1. Name the residues in segment 163-180 that are in contact (Cβ under 8 Å) with a residue 40 or more places away in the chain and of a type in the set (Ser, Thr, Tyr), would you?
2. Anything in segment 298-353 that is of a type in the set (Ser, Thr, Tyr) and in a helix (DSSP H, G or I)? List them, or say none.
3. On the given criteria, is Ser375 within 25 Å of the chain's Cα centre (by Cα), in the same structural domain as Gln570 (by TED's automatic domain parsing) and among the polar types (S, T, N, Q)?
4. Take segment 22-42 and flag every residue that is buried (at least 16 other Cβ atoms within 10 Å of the Cβ) and either farther than 30 Å from Arg56 by Cβ or not assigned by TED's automatic domain parsing to the domain that holds Thr174 (or both).
5. Out of (1) assigned to a helix (DSSP H, G or I); (2) under 28 Å from Tyr284 (Cβ atoms); (3) out of contact with any Leu (no Cβ under 8 Å at 6 or more places or on another chain), the odd one out for Leu52 is which?
6. Give the residues of segment 371-429 that are touching a strand residue (DSSP E or B) at 6+ places or on another chain (Cβ under 9 Å), part of a helix (DSSP H, G or I) and closer than 22 Å to Ala439 by Cα, sorted by residue number.
7. Is it the case, given these coordinates, that Asp430 is free of Cβ contacts under 8 Å to residues at least 40 places away in the same chain, over 19 Å from Leu102 (Cα atoms) and assigned by TED's automatic domain parsing to the domain that holds Gln479?
8. Just to be sure before I move on: is Gly254 over 34 Å from the mean Cα position of the chain (by Cα) and either among the small types (Gly, Ala, Ser) or outside the structural domain of Val183 (by TED's automatic domain parsing) (or both) in the structure I sent?
Amino acid sequence: MFSVLAKLAWFFRAHRGRYTIAVGLLFILNFVEIAPPKLIGDAIDWMSQGTLTEGRLVGVLALYVLVMGISYSMGYTWSYQLYGGSRILERTLRHRLMRHFLHMSPPFFEARRTGDLMALATNDVLAVSQTVGFGMLTLIDSTTFSATILVTMAVWTSWKLTLLSLIPLPVIATLVTQYGKVVHRRFTEAQNAFGEMNDQVLETVSGMRVLRAFATAAQDRERFQGVIDDVYEKNVSVARVDSLFDPTIKLLVGTSYLIGLGGGTYLVFRGELTIGQLTAFNVYLGMLIWPMLAIGELINIMQRGNASLDRIESALAHPADVEDAREPVWVEIPEEIRFDHVTFRYPTAGADNLRDVSLTVRRGETLGIVGRTGSGKTTLLRQLLREYPPGAGRVCINGVPLERIPFERLRGWIGYVPQEPTLFSRSIADNVRFGQPGATREDILRALDWAGFTDDLATLPEGLDTLVGERGVTLSGGQKQRIALARALVRDPEILLLDDALSAVDARTEARILDNIRRLRRGRTTLIATHRMPTVAHADRVVVLEDGRVAESGTPEDLLRQAGSWFREQYERQRAESDTAEAGEGADVPHPGEDGGGGPRQGFAAGGASVREQTGGEDG
C-alpha cells in the first residue's frame, strides 16, 4: 500500500523543506490538540469538588484560547505547505508527461489511445497528487495522532479502559486492508474505462461531419451509451467498496464508545475514575473517530494513487523509439541527400514498405515521387523526418547518416506539408507563425500569397485574425492545405517536403502555387509526392514507386518517351480525362470535390505545358 510513497521519494527529497514543515507542525499539533479535553476534565472535577475558583476559571479559559490560537496558526501553515506540495506534484507530472509525449515518435501513439493519454494527464495525475496532499494528512492522523490520543487516554485517564476500547481496532485493520486491495484493482479498471470513453468522445467530435453525412448519429449514440455505461458500472463498483469504509469504521468506533461508556461507568462507581476523567476520556474517544476514519481514507487514497502512478510510470518508462544523435556530426548545409539501398518496414506492418530504394537528390533539385496508392511515397518522405527506427540501408546528408545529425539541426532544415495538415485552434496568423515564431505580419501575408491564399483571406471575417476552429473545422480542405503550405514556406526551409499537399486544391490554383514554388525554391531542395502527374511536370527528376521499389526513374521528358512507362500511361490517361472535362463542362466549371474555381484541365494546361513544350509536342 505504501509503495506509492517510496515511488515518490524523489519528490519528497526535492521538497524536503516543505514537507518537513508540514509534517513537523502536524506532529506538534498532536500534542497541542490533546490539551483542551484535559482542561475540560480538570474544570469538571474542580466544579464537582467545589474547588473551582475565579482565578482557576480565568486561567483555564485563557489557556484554552491560547491553545486554539496556536492550533489555528499551525493548521494554516501545514495546510498551505502540504496542499501546495500536491499542486506542485500535479504540475511536475503534467510537465513530465507532456515533455515525454513530445519526445515520443509515432509508434508510441499508434500503440496507445489518445483518450487514455488524456486520462493520464487529468484523472491519474489528480489521484497521485492527492496522495502527497490529503494522503499525507491521513497518514499522520491515522498513525501519530491516534497514537498520541491513545497514550494520553492511558496515562491521564485509565489504561484499563483504554485497552478495553482498543478491542475493535484489529478488526478495523483487517477489513480496511481487504477493502484496499479491491479498490486498487477496480480503480485501475475504472481509469482504463475512462480513457476509452475519452477516446470515443474525441473520435465522435472530430468525426461529426462524417457521422451526420452518413446519418449514423443514432448508432453512434447507442455505441457511446454502451461505453459510458461501462464507465459508470466500473466507477460504481469502486464506489461500492468505498462506501464500506465509513460505515465499517463508524460501527467499530461506536462499539469502542459502548465499551468506554460501560467500562468507564463501572470504574467511576468503583472510585477508580472521576467524572471529569470519564468526560475527558469520552472526548478523547470522540477525537479518535477521525483517525480511525482516516485509516480507511488512507488506504483508499494510497491504493488509488498507487494504481494511477503505475499507469503514469508505465507511459513515462516507454523508451523513445528514435533517439537523438549520441555522437553528433555538424553539417552546415544539406548539399546532397542520398538513399542508399533503403529497406523499411513500419512496426505494425507485415511486409516491407520500402525495398532497396537508392536515389540521390542534390541541392537545388526538385524530385517528383509518384506511384499507386500504397506504393511508399509518404514512407519515402518520412525517412527524412526520422520518425521511426531506421531499417536496412542508409539515408545520408552530405555523406553523414541521419542518425549522426542532431534532431534540431535536421528538422530545422525541413518544411513538411502532409496531405492531412494539422491546424491549431488559433488564428490564421498564429497557425502560419508556428512555422517561424519570429515571423512578422508582412512575412505571413507574403507566405500566404505564395500559397495562393490571398483571395481567400479577403473573404474571411477577420482576415489574418480569423479563428480557424479546432483542427481548422471552419475551413475547406484546400484552405487548410494552403495554410499548412504557407506555414512551411514562411520558414524558407532548405528541404521542402510536399506529401500530396495540394490534393484538395483546384488545378488552376495548384498550377499558380507550383509556379511560385519553382520561382522561390531556386537553389533549394524540394521533394514532391503526388498522384497528379502535372504536379511534377516541372521536376528535375521523377521516380515511380511500385510496392516500395523504384520502378521507373528519370526526367519527366525521358519517362514520357518510354513505351509502356507507368508515368506515361498515367499522364496520358489524366490528360484525356482533363480534355473530356473541358469538352463536357466548360472552362469555368469546377471539378467536383476540388477546392476553388478551376477545372482540372487548367492545371494540365499550366503544369503539363512545360513537358509538352520541352518534348516538342510529343505524346511519347
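The values are calculated or read from the model by the stated rules, or taken from the named source; none is laboratory data. As the structure is a computational prediction, the values presented were derived from the model and not from experiment. Cβ sites come from the backbone with ideal geometry, for glycine too, and all protein chains shown count toward neighbours.
1. Ser165, Thr177, Tyr179
2. Restricting attention to segment 298-353, the residues satisfying the condition of being of a type in the set (Ser, Thr, Tyr) are 308, 314, 343, 346, 348.
Matches in segment 298-353: Ser308, Ser314.
3. On the way: within 25 Å of the chain's Cα centre (by Cα): no; in the same structural domain as Gln570 (by TED's automatic domain parsing): yes; among the polar types (S, T, N, Q): yes.
The answer is no for Ser375.
4. Ala22, Val23, Leu25, Leu26
5. Exception for Leu52: condition (1).
6. The answer is Leu410, Trp413, Ile428.
7. Numbers: free of Cβ contacts under 8 Å to residues at least 40 places away in the same chain: yes; over 19 Å from Leu102 (Cα atoms): yes; assigned by TED's automatic domain parsing to the domain that holds Gln479: yes.
In short, yes.
8. The answer is yes for Gly254.
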